[in-house]
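Engineer: This is the structure I have questions about; it appears just below.
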Ligand code: HEM
């Protein structure tokens with residue numbers, strides 16, 4: 001049996017899946033009210049009125065959940081000089097030549113970019129969402145401001161959805177990653193291959 005290494009504790013995993021489930025609920029309710037072609041999705045949430053009522057609450061809970069997740073992982077997502085090198089070499093990775101990549105710590109530069117896009121798009125969704133949340137907050141803002149808020153909200157949601165698709169694709173593509181967020185563990189081989197600097201750090205420089 002391959003030796004397993006702890007990558008995430010229970011709290012972080014629960015937090016992550018809370019955010020992921022709320023993302024799906026906020027995403028589906030948002031798409032249902034965004035365009036008539038996706039209105040059928042409102043059937044999943046008890047019809048149009050409930051979908052409209054629930055959407056901002058799902059969104060708010062997702063953002064609150066992400067704030068907790070953010071502070072648990074942010075220190076491993078700060079940009080370093082090695083990350084710039086990693087980005088320069090990224091065409092090699094896409095060709096399947098991982099050996100050519102500079103060694104990586106807990107997260108590679110691609111994961112870090114996705115992490116910061118999550119943070120920025122969620123912040124924009126939160127701020128703009130309040131600006132047209134009727135009946136409570138929308139009246140505080142002039143109509144032209146609300147219109148800009150609606151546009152920024154839709155663009156941020158599109159960016160977030162595309163980033164989550166990339167995030168899930170990468171999690172499945174790099175075999176052995178999903179277990180990090182389900183069981184909390186990865187194999188020693190996975191850690192040595194994909195995140196050698198992290199592996200060295202947690203095994204005391206071996
Ligand atoms: C719904 C499907 C999702 C799947 C299958 C998934 C899978 C994963 C996996 C396997 C990891 C561990 C990667 C590693 O340790 O190298 C991870 C980490 C993470 N995920 Fe997800 N995830 C999903 C949704 C989301 C959503 C919706 C968000 C937030 C908007 C999110 C935010 C994060 C963050 C912040 C990390 C820590 C890694 C980092 O900071 O770069 N995930 N996810």
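Engineer: Calculate the spin-label point distance for residue 147 paired with residue 193, positioning each point 7 Å from the Cα along the beta-carbon direction, and give it in nanometres.
Structural biologist: Label at residue 193, label at residue 147, 5.4 nm between them.
Engineer: Also: Which FRET efficiency value, to the nearest 0.05, is calculated for residue 73 and residue 38 with the Förster distance at 30 angstrom and r the Cβ-Cβ distance? The partial results should precede the final answer.
Structural biologist: Working: r = 32 Å, r/R0 = 1.06.
Between residue 73 and residue 38 the formula returns 0.40.
Engineer: Hey, rough spin-label estimate for residue 171 and residue 183, points 7 angstrom out along Cα→Cβ, what's it come to in nanometres?
Structural biologist: Reported label-point gap for residue 171 and residue 183 is 1.7 nm.
Engineer: Can you tell me the relative contact order of the stretch 4-202? Whole percent, Cα pairs under 8 Å, sequence separation 6 or more. All intermediate terms of the calculation are to be shown ahead of the outcome.
Structural biologist: On the way: 200 pairs, mean separation 53.6, N = 199.
Relative contact order, the stretch 4-202: 27 percent.
Engineer: Angle between the Cα long axis of helix 10-34 and the longest principal axis of the chain, 0 to 90 degrees, nearest 10?
Structural biologist: So the helix axis and the longest Cα principal axis differ by about 40 degrees.
Engineer: OK, next. Does anyone have the angle between helix 143-173 and the longest principal axis of the chain? Alpha-carbon axes, 0 to 90°, nearest 10?
Structural biologist: Helix 143-173 sits roughly 30 degrees off the main axis of the chain.
Engineer: Using just the C-alpha positions of the chain as equal point scatterers, what log10 of I(q)/I(0) does the Debye formula give at each q in 0.18 1/Å?
Structural biologist: Debye curve over Cα of the chain, log10 I(q)/I(0) at q = 0.18 Å⁻¹: -1.27.
Engineer: Would you please put 45-53, 168-176, 190-198 in order of how densely packed they are, using the mean number of other Cβ atoms within 10 angstrom per residue and starting with the highest?
Structural biologist: Details: 45-53: 14.0, 168-176: 12.4, 190-198: 17.9.
In decreasing order of mean packing, 45-53, 168-176, 190-198 become 190-198, 45-53, 168-176.
Engineer: Using the scaling law 2.2 N^0.38 Å as the reference, what is the normalised Cα Rg of the stretch 1-110?
Structural biologist: With N residues counted in the stretch 1-110, Rg over 2.2 N^0.38 Å equals 1.48.
Engineer: Be a star and scan the stretch 10-46 for residues whose amide nitrogen sits under 13 Å from the point 7 Å along the Cα-to-Cβ vector of residue 161.
Structural biologist: 24-42, by backbone N distance to the label point.
Engineer: Still on this model: Select from 86, 116, 133 the residue whose mean-square fluctuation is largest in a Gaussian network model of the chain (Cα-Cα springs shorter than 10 Å).
Structural biologist: With Cα springs under 10 Å in the chain, the top fluctuation among 86, 116, 133 is at 133.
Engineer: Here is a further query. Can you give me the C-alpha center-to-center distance between the stretch 23-39 and the stretch 155-175, rounded to a whole angstrom?
Structural biologist: 17
Engineer: For helix 109-131, what angle does its Cα long axis make with the longest principal axis of the chain, in degrees from 0 to 90 and rounded to 10?
Structural biologist: 20
The numbers here are math on the coordinates, done by the rules we state, and not lab data. This structure is a prediction, so every number in the text was calculated from the model and none was measured. Because the Cβ atoms are built from the backbone with ideal geometry, glycine has one as well, and the counts that use them run over all protein chains shown.
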